[in-house]
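See structure below.
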Amino acid sequence: MGAAEPVVERESERREEEGKEEEGNERKEEGGDVEKGEVLGVQEKVIDSSNFDVNNNLNNQFGGSHAAMMQRLNPTTPLRIVIGGSSRMPTPSPSQTALPRSAPIPQTPLPRSAPIPQPSQTTLNSRRYTNKISLFLFVVHMVAAVGLVSFLIFKGIQGLIEASESVKRKERRIVKFYLPQVETASLLSITLAFIWQKAVRQWPRTMVPFILWSSFFSSLSAGILLICFQRASTDGVGICLIAFAIGNGLYACWVTQRIGFCTEILIKSLEPVPKFGDLNQPTYWMLGVGFLWMSLWILAVIGAMNFYFTPLVIIVLVLSLAWTAEVMRNIVNLTVSRVIALYYLRGMQSIPQNCFQRAFTQNLGSACLGSLFVPTIEALRIVARGLNLLEGEDEFMFSCAHCCLNVMQSIFRYGNGWAFVQIATYGKGFVQASQDTWQLFVRQGMESIVDSDITSSICFLTGVCSGSICVIVVAAWTARVHQTFTATLSLLSFFIGYLMTRIAMAVPHACVSCYYVCYAENPSNILFDKTIQDHQSMMADRGVAAATPRVPRRFSA
């Protein structure tokens, strides 16, 4: 029995040693984790106090001295354990933060910083409809116009079938000697429209002075031809054309110095056009729709001649046709502007068909509003410039003219043709786009350059030239078959020829507008050369602040 006791004691001591070795191995594993922490650097650890027993942790892990140290720490602040070298910072004691399991741990709300406002990004894919009121008015106008045209066509057919013999004879005479000339004028104007556009794109350096002087000679020839018929009605129309030809000739002499710069800008702005093979497709659609609507419109005019208040009805039809044709022209303008502007600003090759769909839907309201105000504002601005170009002795009259010019210049900033570029690109409203575009010009110091640009005048004069050619053809034809209709058909053919040509000339006009506006937005673009910059330097060297209009010296002070 006595020999067995030492054996029992040795087994108990061996078990105790094995237990110590296991504890040592566990501590070594913890030490290995600590060594890993030393390699990683500094670690942050937040201790949850609800998972530990206070007394066991204090007695088994840290000892009394560590517990006393932990009691002096802030119980609400998580501690950082910094491991480095031989020193080791203790972890926080659970006794300082422990709460009953049933009680929730109080959460201190952290202060939230106010959100920083982000600048609004201008999108290129805006889906909102612009200028909805003007869009609604145009839709109502088109519904009324279709109804009126249909009613007048019905009245014309009714006159041919059910009216008296005298009315039937008059209707047949109108259809026989009226309708063929007008249809011929429509087809001729469409042909001339494509010829002008193709010639301007192929030979811009030659076509700019040619258009200036051909419009002078064609309108002068048409006026002289009408006067040769020696009728009161044709004499009145002929005198108006001759007066316009004289003003056209004076204008051509006045802008001679601007032809070179206009030609350079036209050449540069037309360079991207060959990259888009179907860029003219919207023009084909608009001219086709215009021809069909023009044919129905002519039948309505014939029916109005056998209806009450014939002059008033015809004036209403003319104004409706003018607005509709101008809207079609601006749809082409918006389509081409978006294609070319995205090429300049983003280097994108857009599909013209998608841009045409966008112009016909989202941006149609802006096209309607711009079609109403831009021609009116530009016409009044030209009249105010003309008055300021005259020298006179009447101080009151010319001071009023100068005041009117300032008013028109202010209005021009809120409604101008340059706005169609930003309408097509960013989907802005007409007034907002006009303001933003003019501010771009002011910021780049380009007001005098864009103000003296004659591209819009060149496009206008191509329409005048086509209208004058249509007058010559239709007047010569009508004088041979039924001379009574000569004056009426001359005015109508001039109107048709002008409108059709302006639709086709929207392509080069939009290209030039995009060149100016996109340059003002980003002059450092590699797609632009130094043409505008050199012209600005030249104007600054000459001391030219604004070449147009020329204000009398006594008002310039």
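Taking the protein heavy atoms of segment 294-394 in the context of the full set of protein chains, the accessible area attributed to carbon and sulfur is 71 percent at 1.4 Å.
Solvent-accessible surface of segment 486-526, taken per residue with a 1.4 Å probe and all protein chains present: 23 Å².
Summarising the label geometry, the points placed 7 Å from Cα in the beta-carbon direction at Arg169 and Ala243 lie 3.9 nm from one another.
For Thr256, the accessible surface of its heavy atoms amounts to roughly 80 Å² (probe 1.4 Å, protein chains only, rounded to the nearest 10). In segment 161-275, taking the dipole from charged Cβ atoms about the Cα centre, the farthest positive-side position among Ile211, Gly238, Pro272 is held by Pro272. Projecting label points 7 angstrom from Cα along Cα→Cβ for Ser456 and Ser295 puts them 3.5 nm apart. Across the protein chains, with a 1.4 Å probe defining accessible surface, the residues Asp541, Asp534, Asp453 rank Asp541, Asp534, Asp453 from largest area downward. Here the accessible area is traced with a 1.4 Å probe on the protein chains. For segment 129-246, carbon and sulfur cover 72 percent of it. Once each part is reduced to its C-alpha centroid, what is the distance from segment 492-545 to segment 144-196 in angstrom? Here the answer is 39 Å between Cα centres.
To the nearest 10, the accessible area of Phe229 is 40 Å² with a 1.4 Å probe. The residues of segment 137-258 have, on average, 54 Å² of accessible surface per residue, using a 1.4 Å probe with all protein chains present.
The values are calculated or read from the model by the stated rules, or taken from the named source; none is laboratory data. Since the model is a prediction, treat every value here as computed from it, not as a measurement. Don't worry about glycine lacking a Cβ; one is built from the backbone with ideal geometry, like all the others, and counts go over all protein chains shown. Surface accessibility is based on the protein's heavy atoms, side chains included, excluding ligands, DNA and RNA. Shrake-Rupley method; radii C 1.70, N 1.55, O 1.52, S 1.80 Å.
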